[in-house]
1. Please get the size of the charge dipole for the chain, origin at its Cα centre, with Cβ charges of +1 on Lys and Arg and -1 on Asp and Glu, quoted in debye to the nearest 20.
2. What angle do you read, to the nearest 10 degrees and between 0 and 90, between the alpha-carbon axis of helix 131-145 and the longest principal axis of the chain?
3. With a cut-off of at most 13 other beta carbons within 10 Å, and DSSP calling the residue loop, which trypsin sites (Lys or Arg not before Pro) in the range 115-177 qualify? Please list them.
4. Which residues in the range 425-445 place their backbone N less than 13 Å from a point set 7 Å from the Cα of Ile346 along the Cα-to-Cβ direction?
5. Quick one: compute the contact order of the range 364-516, relative version, from alpha carbon pairs under 8 angstrom and 6+ residues apart, as a percent.
6. Sort the chain into rounded, prolate or oblate with this rule: let a ≥ b ≥ c be the square roots of the eigenvalues of the Cα gyration tensor; rounded if a/c is under 1.5, and if a/c is not under 1.5, prolate when a/b is larger than b/c, oblate otherwise.
7. Please enumerate, by chain and number, the aspartates and glutamates with C-alpha under 16 Å from the C-alpha of Lys253, excluding those fewer than 8 residues away in the same chain.
8. Please label the shape of the range 46-163 as rounded, prolate or oblate, based on the square roots a ≥ b ≥ c of the eigenvalues of the alpha-carbon gyration tensor (a/c under 1.5 means rounded; beyond that, a/b larger than b/c means prolate, else oblate).
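Just so you know, all these numbers are worked out from the coordinates, no wet-lab data involved. What you see is a predicted model, and the numbers here were worked out from it, not measured in a lab. Cβ sites come from the backbone with ideal geometry, for glycine too, and all protein chains shown count toward neighbours.
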Amino acid sequence: MKVKVKKGRIDRVKDQAIILSHFEDEKRLSGLVKAIDDRLSGMISRLLRNKDFAGRLGETAIVYPQGKFPTPRIILAGLGKREEFGSPGQVGIYLDRIRQASASACRKAKELRIKSFSSAVFPANQKGINPVEVSQAMVEGILLSHYQMDRYKTKKEKQSLEGFTIVEENADRIVAIENGAASGEVFAQATNLARDLANHPANFLTPTRLSLEAKKLARENDLRCKILSLPQIRKLKMDLFTAVSSGSSQPPKLIVLEYRFAGRLPGQKKPDTLALVGKGITFDAGGLSLKTTELMQEMKTDMTGGAVVMSVLAASAKLRLPLNLIGIIPAAENLPSGSALKIGDIITSHSGKTVEILNTDAEGRLILADALSYAKSFKPDAVLDIATLTGAIKIALGTICAGVFGNHDDLKVKMIQAGQKAGERVWELPLWDDYQEFIRSDLADIRNVGGKPGGAIIAARFLKNFVGDHPWVHVDIAGVDFSEKERPYVPKGATGFGARLLLHFLRKWDGVLPKR
Ligand code: BES
Ligand code: ZN
Ligand code: ZN
């Protein structure tokens, strides 16, 4: 979909529809909306008075100006109550409301089967709002709500909507809005790419296919890309990773993508290097600890962490972030078979620590342990990992936010703030030493499971044993990677959660503070 920014007045635009936003229950109109309403002989205020449109968040209504304006229709988009909108100090709240309201307006435009619409950045008349962030949120809301996966439908529904324009009257704000809109496009594309990858069924998206997609992304975005095959993974001694993959006839792939900042930093400073590790299980049957059919239905999206890392590297290149990034995605299938990993097996990890496997369905932590330990060889300034790691995180936090863990307060705080800006929130859980005793093994250095209570914490604690001293944050997205229901800018199915979260985090990157 084409995104344009144009100087002009929204009431003079000739597009197939224009969008006006409105706060809930505000009967008295002001500014441009009032001027438009006056010229429409009070059509908008009549709608409000009759309670046919209140302005609830996500609500829309259509007004037909019948020749009084160049546009044939006005779409009203509700923003919810002004007092709940959030102040500039609570940026995350209003950015998400803008995303939701613009997404709902876009859905209405799609329903009307129009080709294009225009909107000013909203809300009008709200002080202290940053036009860069607001236009980014608007573009995200529209592009994210427009997402559709029809690759496997033989009859494709024809999409009529081809583009939209942000119209701005004030010449001084145009550049800011253009910048915000450009970021919005890159951020939304990253999420939509992660959704696409995760929505593919596992018979198409095998580890090999995922690695080919990584190569394609690398070509398109000038990234370095290395795909390590089974013999090379064996040579690296990533035996936990190969053990997980051993039940499948599909070979594992270790995908390594690199983005290097090409510009110069002030004072000849070298850019920081961050390693991003993403779980890439293209199908998780559980292995010999077999899941039920129902639980397996979501398990083609068990590579969402990997997909997020891939799309974040591509987007970082597009945004020319002043960083060096290493994306590491261990990709494999977790299946039961005669050659599969068995319960009780003891495997030596890449780090040298031995692991007793007491549940083969806790495979994500095994492949991540090796990948996190391998990440050290790149001498990163910090390491992030993102994974659909535990059903327990869904029990703890529901489907509203992801869990965040780590060994470094500053990084955790930055991740929480990034989540608020992205509308992809994360909530911290503890990682205290007390949890280590649950994964003590009688025979090996550590075991891979430690009972149900605190399951997400135990999984994160397991990872900590393979991380080393560098600053590290772990994001568990198992509760949020898949949506059972449609929301304004989140479709049913794969959500791509994490791509915009990590991009906000990386864009704000300003080095590592000493540990507190
Ligand atoms: N991929 C699953 C976690 C998951 C669950 C993701 C639900 C998305 C939705 C992971 O590999 C897994 O199976 N974890 C087990 C761990 C347990 C055996 C300790 C779980 O959560 O049941
Ligand atoms: Zn599993
Ligand atoms: Zn899994």
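1. Working: 76 positive and 57 negative charges, 368 e Å.
Roughly 1760 debye, rounded to the nearest 20.
2. It is inclined by approximately 70 degrees.
3. Details: sites: Lys115, Lys127, Arg151, Lys153, Lys155, Lys156, Lys158, Arg173; in loops: Lys115, Lys127, Arg151, Lys153, Lys155, Lys156, Lys158.
Within the range 115-177, the qualifying trypsin sites (Lys or Arg not before Pro) (loop, at most 13 other Cβ atoms within 10 Å) are Lys127, Arg151, Lys153, Lys155, Lys156, Lys158.
4. 441-445
5. Values: 254 pairs, mean separation 56.4, N = 153.
Relative contact order of the range 364-516: 37 percent.
6. Numbers: a/c = 2.14, a/b = 1.97, b/c = 1.09.
Prolate.
7. Glu213, Asp239, Asp284, Asp302, Glu333, Glu363, Asp370
8. Details: a/c = 1.92, a/b = 1.24, b/c = 1.55.
Oblate.
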